[in-house]
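Inspection log for the structure reproduced underneath, given as structure tokens.
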Amino acid sequence: MAPPAHTLTQLAERFGLGLRGDGNTAVCGVATLAGAGHGELGFLANPRYRSELAATRAGAVVLREADAESAPCPCLIAKDPYLAFAKIAALFDPRQSPAPGIHASAAIDPTAHIDPKAHIGAFVSIGARSRIEAGAIVGPGCVIGADCVVGASSELVARVTLVTRVRLGQRVLVHPGAVLGADGFGLVRNGDHWIKVPQLGGVVVGDDCEIGANTSIDRGALDDTVLEEDVRLDNQIQIAHNVRIGAHTAMAGCVGVAGSTKIGRNCLIAGAVGINGHIEICDDVVVHAAGVVLQSITQPGEYASGTLLQDHRGWRRNAARFKQLDEMARKLHTLAKD
Amino acid sequence: MAPPAHTLTQLAERFGLGLRGDGNTAVCGVATLAGAGHGELGFLANPRYRSELAATRAGAVVLREADAESAPCPCLIAKDPYLAFAKIAALFDPRQSPAPGIHASAAIDPTAHIDPKAHIGAFVSIGARSRIEAGAIVGPGCVIGADCVVGASSELVARVTLVTRVRLGQRVLVHPGAVLGADGFGLVRNGDHWIKVPQLGGVVVGDDCEIGANTSIDRGALDDTVLEEDVRLDNQIQIAHNVRIGAHTAMAGCVGVAGSTKIGRNCLIAGAVGINGHIEICDDVVVHAAGVVLQSITQPGEYASGTLLQDHRGWRRNAARFKQLDEMARKLHTLAKD
Amino acid sequence: MAPPAHTLTQLAERFGLGLRGDGNTAVCGVATLAGAGHGELGFLANPRYRSELAATRAGAVVLREADAESAPCPCLIAKDPYLAFAKIAALFDPRQSPAPGIHASAAIDPTAHIDPKAHIGAFVSIGARSRIEAGAIVGPGCVIGADCVVGASSELVARVTLVTRVRLGQRVLVHPGAVLGADGFGLVRNGDHWIKVPQLGGVVVGDDCEIGANTSIDRGALDDTVLEEDVRLDNQIQIAHNVRIGAHTAMAGCVGVAGSTKIGRNCLIAGAVGINGHIEICDDVVVHAAGVVLQSITQPGEYASGTLLQDHRGWRRNAARFKQLDEMARKLHTLAKD
């Protein structure tokens, strides 16, 4: 099957872009500036790649007006070239939605409701009273427990688990290995043993959320764990019970959020950040990579913690001194007074 | 199906609690103080929620004697209200154990032994010589390799993998995505390539342990990796080969423990802690969130490492100075001598 | 089935080792010095275990020439005893390769190609145009999407997901829960919502790589995410889109690598290290446990960051002072000038 081809004129009209050069130029794929070949469309968004523009062999490039001068080929002009590129690239994504219907191997509880326009893949298990809405895709190997909802046009790519009482909105995308709705980690000592605190809540995921591979979101103890709309979680993330994440907040890989914490809207949480339980982070907060958030954040802004990498020998000396830091500060204070 | 209802008198007798107010008050569910409605039982354990007591609409509340005065409704009096609440809440957990029996789709090695009182779900695979004991539940999509044991009344919720030589005690609970008994990460250089060190041990998990979603516990190289009884692991944890974890120790999410380390009994390891290999941590140790344990800990107590979050600009300045810390300490020493 | 037995003479010849003592001594298993019994072979590689040599009840020991003197039993002499031990131990690994063939339950797209010498386990799903080569093992519960390749003699142990466009070389070993080829985390703001940047690349994994349990490797946005040959990844690792990892590099558990970063050959990345996106790490770099790499590393060597664990109370004081570190440095500078 030949890939689709689009002329620059077609793309400019469809996505509201400017055009410089021959509008009949056709592109049949997208690529980086360095990797693009003859019939492919490249893009220049990050200034660090500007030096690659002159030498690109791309058939055309999407870029800002100011960069068009230096392009050796026809250009599409965009205020936000990365956004324009994302929209154009979607035209070339070869993934196809599977046809509606239920794979013969699927094990579906008789009380579950599967919309006839949903797709249920091989070796899928669906529990009592769960509902799969129109256009939803439940890929191979998924396990859906009791009392779950997969909203219209949502997709569980493969091997996703919704344990119990997990309600996904519309157009939610969940990647393989993700586990939503497992027991929150609620324990209380009973003499010298632990006993479990029953986890009676669920998980509510708003429209347009995305949840990465091997990410875990526990269900709430009494109330629900909540992701508002358009929350974007990368891979290997841990969201504990009763956390609430505000709309449009994005988290990169390996983040952990402890129980009952509330995170605001439009936050950006970088990779490997750790966030304490029972705190609140306000809207519009950025936490830099590997930051550890122990206390509530009440002001929008950018935050960080940790130390910088250095050679191991030098680090050892400095790290040893960190243990004396308070003593150093006192000594310094005394000296300054003298 | 209507939820069960219990009068306060019944609950007080069953769990040995005090009672203040009308013992005929019936509750048919549990909730937070803020969320509880008319027929529901709330609880007050954490003092930070004390301000919510006066306004609660709960039908009844479990709390300490000292707080009963301020309650606007009948009360159950407990020395440990959270513990009492956990026990009561279990009465309202709607989860039902699946019936014994083997799902028609399951693929079971003829040399495996499945107790007739065990439940084996859809798309479960069980390998040679493995044994599933009475009352055990193996949920949908689980893979159990060769020479494993799932002890009586243990539960693999769904999509759990026991790779090989994994022996679970009784009443062990394992959440989806957990992988027990994968090869330990044993490598040795052979010229310019790595070769694998065979991982001939297994994993032994004591009675009453709980293992979180997407947690990994590798099998030992020669001896076994061991969790003693009542160890509680949250989600996204990595336990390397030949680690031993003492009874009643609990670990929050995203902890990593490197190989051959021994952790004592009754330890509390907070989220995102990293623990080095080949060290020992004694009993009754608490490691605070995101702490990094490089050396053995020989004294019970609370430990931490890292720096505190601050605004990014200020952090950059301080982090740059950390690299000069040893030099600063020497300079300070010289000044103090002068 | 009795385990195989090997005489020391046979082992010495097969692996090019020296022999001291009775070459007819037979061993039928391997063990630690402390755990070895009568017919078992122990080993002494790490000097910290030297004190256990005199008391070992092993039937024989592999060790360096210099240690042979102190052994109470016959010895195999090796320059690298751990390497010799790894090779010998492989003789005693009871795991057996499953027979070629396709399990009756497997769901295989008609356009996929399965070599007759490959093994496909129960509940495996294989997508369009994917190819499973000779001697490959696809264990139970694996999901392989479209356009993937599992190279000759590679093994997906169980419950592995190759999402789409994942090409594994030969003798690649992937442990349960691993997810390769999920969408990279590419997002761009479109007004107040995120939209996805299509992830059109794939994942390429070189010969002899190993990928741990519950590890995630995303596919590239335009170009591929690449692991060169003999890369070894432990469990719970996150590799973002368009990362490239050089040959023979090994990473311990819980490492996270952000997008488009290039890591050199023969690097050792310890547990819980975080590596920023869009940077380069040269060959022969060691990063110590929990280090955070924000900027490119251009010189081979050992690197670290972070602070050392201490008692919680002392840590609090020092951590509070870290926020004043730049101010302290300035004050110190002023004092030194006076």
Inset, instruction - Would you confirm whether any residue within segment C:231-251 is at pLDDT below 95 and surrounded by 24 or more Cβ atoms within 10 Å (Cβ to Cβ)? - result: no
Inset, instruction - Just give me the residues in segment A:225-246 being touching a His at 6+ places or on another chain (Cβ under 9 Å) and outside any strand (DSSP E or B), in sequence order. - result: A:E228, A:E229, A:D230, A:V231, A:N235
Legend entry - Subset of segment B:309-329 (residues that are in contact with a strand residue (DSSP E or B) (Cβ under 8 Å, 6 or more places away or on another chain) and at the interface with chain C (Cβ under 8 Å from one of its Cβ atoms)): B:Q310, B:N318
Legend entry - Extreme residue, farthest from A:Q10 (Cα to Cα), among residues of segment A:22-63 that are within 27 Å of the chain's Cα centre (by Cα) and not hydrophobic (A, V, I, L, M, F, W, C): A:R48
Legend entry - Residue check, C:V273 more than 8 Å from every other protein chain (Cβ to nearest Cβ), under 30 Å from B:G301 (Cβ atoms), under 13 Å from the mean Cα position of the chain (by Cα) and surrounded by 22 or more Cβ atoms within 10 Å (Cβ to Cβ): no
Inset, instruction - Looking only at segment C:64-86, count how many residues are among the hydrophobic types (A, V, I, L, M, F, W, C) and under 26 Å from the mean Cα position of the chain (by Cα). - result: 5
Inset, instruction - Output the number of the condition that A:E40 fails; it satisfies all remaining conditions of (1) away from chain C (no Cβ under 13 Å); (2) closer than 24 Å to C:D224 by Cα. - result: (1)
Legend entry - Boolean, A:T215 is within 27 Å of A:S296 (Cα to Cα), of a type in the set (S, T, N, Q) and away from chain B (no Cβ under 12 Å): no
Inset, instruction - From the list A:A89, A:A71, A:A58, A:A84, pick out the single residue that is more than 14 Å from chain C (Cβ to nearest Cβ), outside any strand (DSSP E or B), on the phi < 0 side of the Ramachandran plot and buried (at least 19 other Cβ atoms within 10 Å of the Cβ). - result: A:A71
Legend entry - Given (1) closer than 26 Å to C:G277 by Cβ; (2) surrounded by fewer than 19 Cβ atoms within 10 Å (Cβ to Cβ), index of the condition A:V30 fails: (2)
Inset, instruction - Output the residues belonging to segment A:168-207 that are more than 7 Å from every other protein chain (Cβ to nearest Cβ), within 24 Å of A:R131 (Cβ to Cβ) and part of a loop (DSSP other than H, G, I, E, B). - result: A:G169, A:Q170, A:R171, A:V172, A:A178, A:G184, A:Q199, A:G201, A:G202, A:G206, A:D207
Legend entry - Matching residues, segment B:278-298, being assigned to a strand (DSSP E or B) and at the interface with chain C (Cβ under 10 Å from one of its Cβ atoms): B:V286, B:V287, B:V292, B:V293, B:I297
Inset, instruction - Specify the residue that is farthest from the other protein chains (Cβ to nearest Cβ); the eligible residues are those in segment C:122-144 that are buried (at least 24 other Cβ atoms within 10 Å of the Cβ) and not in a loop (DSSP other than H, G, I, E, B). - result: C:I132
Legend entry - Contacts under 9 angstrom Cβ, first residue in segment C:109-120 being touching a residue at least 40 places away in the same chain (Cβ under 8 Å), partner surrounded by 14 or more Cβ atoms within 10 Å (Cβ to Cβ), 6 or more apart: none
Legend entry - Test: residue in segment B:76-83 that is out of contact with any His (no Cβ under 9 Å at 6 or more places or on another chain) and basic (K, R): yes
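Results for (1) more than 22 Å from B:A319 (Cα to Cα); (2) in contact with a His (Cβ under 8 Å, 6 or more places away or on another chain); (3) surrounded by fewer than 23 Cβ atoms within 10 Å (Cβ to Cβ); (4) not β-branched (V, I, T), shown as yes or no for each residue.
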site	(1), (2), (3), (4)
C:C254	yes, no, no, yes
C:V257	no, no, no, no
C:G264	yes, no, yes, yes
C:H278	no, no, yes, yes
C:Q295	no, no, yes, yes
C:E302	no, yes, yes, yes
C:T307	no, no, no, no
C:Q310	no, no, yes, yes
C:R330	no, no, yes, yes
Inset, instruction - Return yes when C:G301 is at positive phi and more than 9 Å from chain B (Cβ to nearest Cβ) and no when it is not. - result: yes
Inset, instruction - Return a yes/no flag: does segment C:129-140 have any residue that is under 23 Å from A:R95 (Cβ atoms) and β-branched (V, I, T). - result: yes
Legend entry - Single match in A:A250, A:A213 (criterion: under 23 Å from B:T215 (Cα atoms) and either within 15 Å of the chain's Cα centre (by Cα) or of a type in the set (F, W, Y) (or both)): A:A213
Inset, instruction - Quick one: in segment B:145-161, of everything that is part of a loop (DSSP other than H, G, I, E, B) and of a type in the set (A, V, I, L, M), which residue is surrounded by the most Cβ atoms within 10 Å (Cβ to Cβ)? - result: B:A158
Inset, instruction - Quick one: which residue in C:T225, C:T164 is buried (at least 21 other Cβ atoms within 10 Å of the Cβ) and more than 8 Å from every other protein chain (Cβ to nearest Cβ)? - result: C:T225
Inset, instruction - Name every residue in segment A:10-34 that is more than 24 Å from A:A55 (Cα to Cα) and not in a loop (DSSP other than H, G, I, E, B), in order of residue number. - result: A:Q10, A:E13, A:R14, A:F15
Inset, instruction - Residue by residue through segment B:248-272, note down the ones that are farther than 20 Å from B:D230 by Cα and either touching a helix residue (DSSP H, G or I) at 6+ places or on another chain (Cβ under 9 Å) or hydrophobic (A, V, I, L, M, F, W, C) (or both). - result: B:A258, B:A272
Inset, instruction - Taking the options C:R48, C:R64, name whichever one is in contact (Cβ under 8 Å) with a residue 12 or more places away in the chain and assigned by TED's automatic domain parsing to the domain that holds C:R14. - result: C:R64
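The values are calculated or read from the model by the stated rules, or taken from the named source; none is laboratory data. Here the structure is a predicted model, which is why all the values come from computation and not from measurement. Reconstructed Cβ throughout: ideal geometry from the backbone, glycine too, with neighbour counts over all protein chains shown.
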